[in-house]
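Here's the structure, in structure tokens; my notes come after.
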Amino acid sequence: MPEPLRIAIAGLGTVGAGVVRMLATNGPLIAARAGRRVEIAAISARSRSRDRGVDISPYAWEDDPVALARRADVDLVVEVMGGENGPAKATVQAALAGGKHVVTANKALLARHGQVLAEAAEAAGVALRFEAAVAGGIPVVKALTEGLAGNAITRVMGVLNGTCNYILTRMEATDSPFSEVLADAQRLGYAEADPSFDVGGADAAQKLALLAAAAFGSRVDFDGIVLEGIERMSLADIEHAADMGYRIKLLGVARQLPSGIEARMQPCLVPTTSTIGQLEGVSNMVVLEGDFSGQIVMSGPGAGAGPTASAILGDVIDVARGLVMPVFGRPAAELAAPRRASDENEAAYYLRFLLADAPGTLAGVAAALGRSGISINRMRQVEHAGAEAPVLIVTHRTGRAALDGALAEIAALDVCRAEPVAIRIEDV
């Protein structure tokens, strides 16, 4: 058997400890599939004495992860520290400069510095792989860059944050408001003490930026993603959507349009009967559409020690087999500069208004929509008590600019009692 692949692990949190545990458990199986042994040569973390539930005593220790990356007895660095700058960036740069392969779970790092790091890896002739950075144990990056490499990808779509999916499905199932379900998610460990990165959509948007780069052959453009979180999702909208045959999901969608790439991470309505509409709990789901493959749907756990370690070791095994390929599926120098779509993919919208219950009110709303060229598919008034009535409208397909103009006109009407709500309905 060839010489073993010697790896270093920078970061021993949940994921790093999971990698150690998986190698200890499945070492012979991994060696058989890789064609060589995979051995841990050294490790680094902030605390050497912390109990991680795994034995780290056999491995050399480095207090400094950059020094770890420069060790002569290391062939590949697994970076699972996190963070877009600081020690994580310095460690990856040191590894690549030293001609060492890198496997990372760090979506933030690649969302900000993916192009520069891809160029460095390719210049050094080493692998930089990131399956674990997107959708946990779901092998979506491999699907895009290998399995579907013969296809022109037309759309990438998915639920990419398990915390948000848990919150939205629990709000519906328990008839509980956002704040109450978020607190429950924090008690269960599904949400951080500061949940803003998850519920604000940034976590999922970083993943979408990486998928869009691999799908469309463009440089990573995190800042080009239209971003909206779930903080404003009300129980009323979840209930009304359900009554109309929809569920609300924090949905990432990236597609290639004639003028460039359209990429959005925002709450959307999807049909309850659709595959995405039926996704429950903390699971993730990714939908890839190719011109010859058609629609490919993959789902599974999007985070956690086991699924993420599985993705990391899948990448490690590929490197052990000798697979070194461009980071985003094609040479970094050939990735197109970010070109954000100037045209717009039209969609239907769910609208909710709180209106004075008076004659002619609905006619005024319909007229304002009509003046913007927006036609109504369905309209209903929710049963109510008092002088104000919730009114729900589902439009036919329209552009967002036209819709925003109509909503501004309606909000200015004397009969409008609250800011109108508009949620996109996505075809899935």
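The values are calculated or read from the model by the stated rules, or taken from the named source; none is laboratory data. Because the structure is a prediction, the values reported are computed rather than measured. As a convention, Cβ positions derive from the backbone with ideal geometry for all residues, glycine included, and neighbour counts pool all protein chains shown. What goes into the accessible areas is simple: the full protein's heavy atoms, side chains included, and nothing from ligands, DNA or RNA. Shrake-Rupley method; radii C 1.70, N 1.55, O 1.52, S 1.80 Å.
Pick out the one residue from 297, 287 that is within 17 Å of the chain's Cα centre (by Cα), assigned to a strand (DSSP E or B), β-branched (Val, Ile, Thr) and buried (at least 21 other Cβ atoms within 10 Å of the Cβ). Working first, answer last.
On the way: 297 fails: buried (at least 21 other Cβ atoms within 10 Å of the Cβ).
287 is the lone residue from the list that is within 17 Å of the chain's Cα centre (by Cα), assigned to a strand (DSSP E or B), β-branched (Val, Ile, Thr) and buried (at least 21 other Cβ atoms within 10 Å of the Cβ).
Which of (1) of a type outside the set (Gly, Ala, Ser); (2) free of Cβ contacts under 8 Å to residues at least 40 places away in the same chain; (3) crowded, with 24+ Cβ neighbours inside 10 Å; (4) touching a strand residue (DSSP E or B) at 6+ places or on another chain (Cβ under 7 Å) is the odd one out, the single condition residue 198 does not satisfy?
Among (1) of a type outside the set (Gly, Ala, Ser); (2) free of Cβ contacts under 8 Å to residues at least 40 places away in the same chain; (3) crowded, with 24+ Cβ neighbours inside 10 Å; (4) touching a strand residue (DSSP E or B) at 6+ places or on another chain (Cβ under 7 Å), residue 198 violates only (4).
Rundown of residues vs (1) of a type in the set (Gly, Ala, Ser); (2) assigned to a helix (DSSP H, G or I); (3) over 16 Å from residue 73 (Cβ atoms), yes/no style:
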residue	(1), (2), (3)
7	no, no, no
15	no, yes, yes
19	no, yes, yes
24	yes, yes, yes
28	no, yes, yes
32	yes, yes, yes
36	no, no, no
41	yes, no, no
47	yes, no, yes
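Name the residues in the range 95-105 that are under 21 Å from residue 13 (Cβ atoms) and open to solvent by 10 Å² or more (accessible area, probe 1.4 Å), would you?
Restricting attention to the range 95-105, the residues satisfying the condition of being under 21 Å from residue 13 (Cβ atoms) are 95, 102-105.
Residue satisfying the conditions is 105 alone.
I'd like to know if the range 154-163 contains one or more residues that are at pLDDT below 95, in a helix (DSSP H, G or I) and on the phi < 0 side of the Ramachandran plot.
Looking through the range 154-163, at least one residue is at pLDDT below 95, in a helix (DSSP H, G or I) and on the phi < 0 side of the Ramachandran plot.
Out of 224, 277, 217, 260, I need the residue that is under 21 Å from residue 172 (Cβ atoms) and not aliphatic (A, V, I, L, M). Which one?
On the way: 224 fails: under 21 Å from residue 172 (Cβ atoms); 217 fails: under 21 Å from residue 172 (Cβ atoms); 260 fails: under 21 Å from residue 172 (Cβ atoms).
Selected residue: 277, the only one of 224, 277, 217, 260 that is under 21 Å from residue 172 (Cβ atoms) and not aliphatic (A, V, I, L, M).
Just the residues that are open to solvent by 30 Å² or more (accessible area, probe 1.4 Å) and either under 31 Å from the mean Cα position of the chain (by Cα) or farther than 20 Å from residue 309 by Cα (or both), please, taken from the range 19-38.
Matches in the range 19-38: 21, 22, 24, 25, 26, 29, 33.
Kindly list the number of the only condition in (1) small (Gly, Ala, Ser); (2) within 17 Å of the chain's Cα centre (by Cα); (3) crowded, with 22+ Cβ neighbours inside 10 Å that fails for residue 320.
It is condition (2) that residue 320 fails.
Restricting attention to the range 241-273, report how many residues are under 12 Å from residue 350 (Cα atoms), touching a Ser or Thr at 6+ places or on another chain (Cβ under 9 Å) and not aliphatic (A, V, I, L, M).
3
For the range 216-263, give me each residue that is in contact (Cβ under 8 Å) with a residue 12 or more places away in the chain and among the acidic types (Asp, Glu).
Correct list: 221, 228, 231, 237, 239, 262.
Quick one: is residue 56 among the β-branched types (Val, Ile, Thr), more than 30 Å from residue 255 (Cα to Cα), surrounded by fewer than 21 Cβ atoms within 10 Å (Cβ to Cβ) and free of Cβ contacts under 8 Å to residues at least 60 places away in the same chain? Walk me through it before giving the result.
Working: among the β-branched types (Val, Ile, Thr): yes; more than 30 Å from residue 255 (Cα to Cα): yes; surrounded by fewer than 21 Cβ atoms within 10 Å (Cβ to Cβ): yes; free of Cβ contacts under 8 Å to residues at least 60 places away in the same chain: yes.
So residue 56 passes the test.
Determine which single condition residue 270 fails, assuming it passes every other condition in (1) open to solvent by less than 30 Å² (accessible area, probe 1.4 Å); (2) at pLDDT below 95; (3) touching a Phe, Trp or Tyr at 6+ places or on another chain (Cβ under 7 Å); (4) assigned to a strand (DSSP E or B).
(2)
Filter the range 65-83 for residues that are crowded, with 18+ Cβ neighbours inside 10 Å and outside any loop (DSSP other than H, G, I, E, B); which is farthest from the chain's Cα centre (by Cα)?
68
Condition check ((1) open to solvent by 10 Å² or more (accessible area, probe 1.4 Å); (2) in contact with a Gly (Cβ under 9 Å, 6 or more places away or on another chain); (3) among the acidic types (Asp, Glu); (4) assigned to a strand (DSSP E or B)) across all residues:
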| site | (1), (2), (3), (4) |
| --- | --- |
| 170 | yes, yes, no, no |
| 192 | yes, no, yes, no |
| 204 | no, yes, no, no |
| 210 | no, yes, no, no |
| 220 | yes, yes, no, no |
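Condition first: open to solvent by 20 Å² or more (accessible area, probe 1.4 Å) and either under 15 Å from residue 162 (Cβ atoms) or touching a residue at least 12 places away in the same chain (Cβ under 8 Å) (or both). Now tell me which residues in the range 123-142 satisfy that. Can you show your working first?
First, the residues of the range 123-142 that are open to solvent by 20 Å² or more (accessible area, probe 1.4 Å): 123-125, 129, 137, 139, 142.
124, 125, 129, 137, 139, 142, listed by residue number.
I need a count of the residues in the range 143-153 that are assigned to a helix (DSSP H, G or I) and either surrounded by fewer than 24 Cβ atoms within 10 Å (Cβ to Cβ) or more than 18 Å from the chain's Cα centre (by Cα) (or both). So that I can check it myself, show each step before the final result.
So the first thing to find is which residues in the range 143-153 are assigned to a helix (DSSP H, G or I), and the list is 143-147.
Retained after the next criterion (residues that are either surrounded by fewer than 24 Cβ atoms within 10 Å (Cβ to Cβ) or more than 18 Å from the chain's Cα centre (by Cα) (or both)): 143, 145-147.
Of the residues in that region, 4 qualify.
Quick check: anything in the range 221-240 among the basic types (Lys, Arg) and over 22 Å from residue 422 (Cβ atoms)? Spell out how you get there, then give the answer.
Quick first cut of the range 221-240, residues among the basic types (Lys, Arg) only: 232.
Applying the additional criterion that residues be over 22 Å from residue 422 (Cβ atoms) yields none.
Scanning the range 221-240, I find no residue that is among the basic types (Lys, Arg) and over 22 Å from residue 422 (Cβ atoms), so the answer is no.
Being modelled with pLDDT under 95, hydroxyl-bearing (Ser, Thr, Tyr) and open to solvent by 30 Å² or more (accessible area, probe 1.4 Å), is that true of even one residue in the range 332-354?
Yes.
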